[in-house]
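Here's the structure, in structure tokens; my notes come after.
The values are calculated or read from the model by the stated rules, or taken from the named source; none is laboratory data. Given the structure is predicted, the values throughout are model-derived calculations rather than measurements. Cβ: placed from backbone, ideal geometry, glycine included. Neighbour counts: every protein chain shown.
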Amino acid sequence: MSIPPAAIRSRESQFPLFLLAVLLPLLALPFANLGGTPLQRFSLPIAVDLLTLQSIRTMPPWTLHRLGCFLTSFYRLCGLIGAVSIWLPFLLQQNLAPALRICVVLVRTIFYLVTAIRIIDVLASSGRVTSKSLCLGAAGYIHYGLTCGQFATLMQLVDSDSFRLGAMSSGEELLSRLSYFAFVTIGTLGFGDVVPGSPVGESFVILVSISSTLYVSLLIGLLLSRYIASRTRGIIADVEREVLR
């Protein structure tokens, strides 16, 4: 669905901040350990909350009258639930019921997925390419990897045979392990210590491999088309000024 250019321009100042926010979970994941030091316990929840907040600040609201208001409210509600639920393992000393854990990861996965789709929507509706839109394009690729990591975590919680996780270090979080696996997959590096463990896991890897290629191709295509269009308009304007002289 098309986004009004004015709505995009009003959010462009948030694009570099969104790129910074999407990098924070990557920096926090290696240190995430609910049984470790305060830095290890708090780093990932804080990073996820900052990313969630910046996602809401960056993505324009839907403009479909009543349906748009509903979609915007639903999106922000999912973000709020995801931001709060990331603290539950710490507050409950990791004693989350399996069903509750699946539910909170599902909500966070939906939020990440909608954000990834919305990034493409924003880039497709933007009429120009700037340094800020390039920041959003780069952030979109990283965010896609985080989204795949969330999906893989959800699958592993539903079916513990989806992936063979290898030798996890003491206190290592499942999300950290499977986010690493997701980035290895979309980066076409090949499998190492984490591999699919079931037909469902293998199907997930196929979908991630195909969709990551399409996602990057789509991002590059959108950015190039906008850049060429803006350059063409500039050349036409220069020619018209020369003709009028």
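A few points about this structure:
- Qualifying residues in the stretch 141-169 (those that are hydroxyl-bearing (Ser, Thr, Tyr) and either buried (at least 22 other Cβ atoms within 10 Å of the Cβ) or in contact (Cβ under 8 Å) with a residue 12 or more places away in the chain (or both)) - the one farthest from residue 82 (Cα to Cα): 162
- A count restricted to the stretch 1-30 and to residues that are at pLDDT 90 or above and aliphatic (A, V, I, L, M) stands at 7.
- All of (1) in contact with a Gly (Cβ under 9 Å, 6 or more places away or on another chain); (2) touching a residue at least 60 places away in the same chain (Cβ under 8 Å); (3) surrounded by 15 or more Cβ atoms within 10 Å (Cβ to Cβ) hold for residue 52 with one exception: (2).
- The stretch 186-245, subset part of a helix (DSSP H, G or I) and among the basic types (Lys, Arg), residue farthest from the chain's Cα centre (by Cα): 241
Yes or no, residue by residue, for (1) under 16 Å from residue 89 (Cβ atoms); (2) of a type outside the set (Asp, Glu); (3) more than 19 Å from the chain's Cα centre (by Cα):
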{"site": "8", "(1), (2), (3)": "no, yes, no"}
{"site": "15", "(1), (2), (3)": "no, yes, no"}
{"site": "20", "(1), (2), (3)": "no, yes, no"}
{"site": "23", "(1), (2), (3)": "no, yes, no"}
{"site": "29", "(1), (2), (3)": "yes, yes, no"}
{"site": "36", "(1), (2), (3)": "yes, yes, yes"}
{"site": "40", "(1), (2), (3)": "yes, yes, yes"}
{"site": "44", "(1), (2), (3)": "yes, yes, no"}
{"site": "47", "(1), (2), (3)": "yes, yes, no"}
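- For residue 169, the conditions (1) outside any loop (DSSP other than H, G, I, E, B); (2) over 10 Å from the mean Cα position of the chain (by Cα) are fulfilled apart from (1).
- Of all residues in the stretch 86-123, none satisfies the criterion of being within 14 Å of the chain's Cα centre (by Cα) and at pLDDT below 80.
- Failed item in (1) touching a helix residue (DSSP H, G or I) at 6+ places or on another chain (Cβ under 6 Å); (2) of a type in the set (Val, Ile, Thr); (3) at pLDDT below 85, with residue 58 passing the rest: (3)
- Taken over the stretch 209-245, residues that are aromatic (Phe, Trp, Tyr) and within 30 Å of residue 149 (Cα to Cα) amount to 1.
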